[in-house]
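Report on the following structure.
Just so it is clear, none of the values below were taken in a lab; they were calculated from the coordinates. Computed from a prediction, not measured in an experiment: that's the story for all the values here. Cβ placement follows ideal geometry from the backbone for every residue including glycine, while neighbour counts extend to all protein chains displayed.
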Amino acid sequence: MRRRSEVKPPELFPTAPIPGVPSLVEQSELDAKHADTERPPHPPHAFEPPVLPRGYSRICSWVFDLPDPADACDKLRNAIRPIKPSRLQHGELCDKLDLAQENFVEASQLLANAKMSVANYEIEAKLVLGPMRDAASSELEDEKAKGTRKKAITNDDIEHRMATLYPDQFLEIEQNRNKLKHMVAVLEDLRQAASERARDVRAIVSTSRSV
């Protein structure tokens, strides 16, 4: 049995043949041969985590790129200060209402796309995590068959072994999931703020008089 400390993460793009692992050409031939029977083992370099969707990766960077949280908080407090009608003409208020409504629509579109992006990422992540889980389960079952493992195999055991066998890939997927989760939460707050600003400006415009 391999000691856990000896388990090393696989290379995604190995430069030399790996003993016991078929080449890409050999793998393609195996896939064709066993397409209707059993699925051949996946080579270690097949476990490449999906990248964050284009564009939303930049949003994630924006959400988490806060060099000074205190400065960011001060800017937000200034941005949400109430509008004082006495300082604005009716036409200026109407312009602000138009802008506020456009911002709300855009915030709604952004949130909808973000949620769809999260769903798509989860689908892609499953394609990577599935073979990783199979490899972890197989290793644990082998240990149980050899008698080196006595207790029943739990889901936590499998995930822990996945993280041990493929630490870089497992960590990247979990980090991306957390980033996307919190990104959606921030965009929901942004949409709510845009909605409230449009509501407030509309109320001000309705009570103002044209000059």
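Observations on the model:
- Loop-resident trypsin sites (Lys or Arg not before Pro) (DSSP state other than H, G, I, E or B) in the stretch 132-211 with no more than 13 further Cβ atoms inside 10 Å of their Cβ: LYS150, LYS151, ARG209.
- Placing R0 at 30 angstrom, the Cβ-Cβ distance between GLU92 and ASN178 gives a FRET efficiency of 0.10 after rounding to 0.05.
- Above-threshold pairs, the threshold being 20 Å between Cα atoms, out of LYS115/LYS181; LYS126/LYS179; LYS126/LYS150; LYS96/LYS181: LYS126/LYS150; LYS96/LYS181
- Shown in residue order for the stretch 156-166 are the 3J(HN,Hα) couplings computed by the Karplus curve 6.51 cos²θ - 1.76 cosθ + 1.60 at θ = phi - 60°: 5, 4, 5, 5, 5, 5, 4, 5, 6, 6, 10 Hz (x for Gly and Pro).
- Footprinting exposure proxy for SER138, SER195, SER206, SER117 (fewest neighbouring C-beta atoms within 10 Å first): SER206, SER138, SER195, SER117
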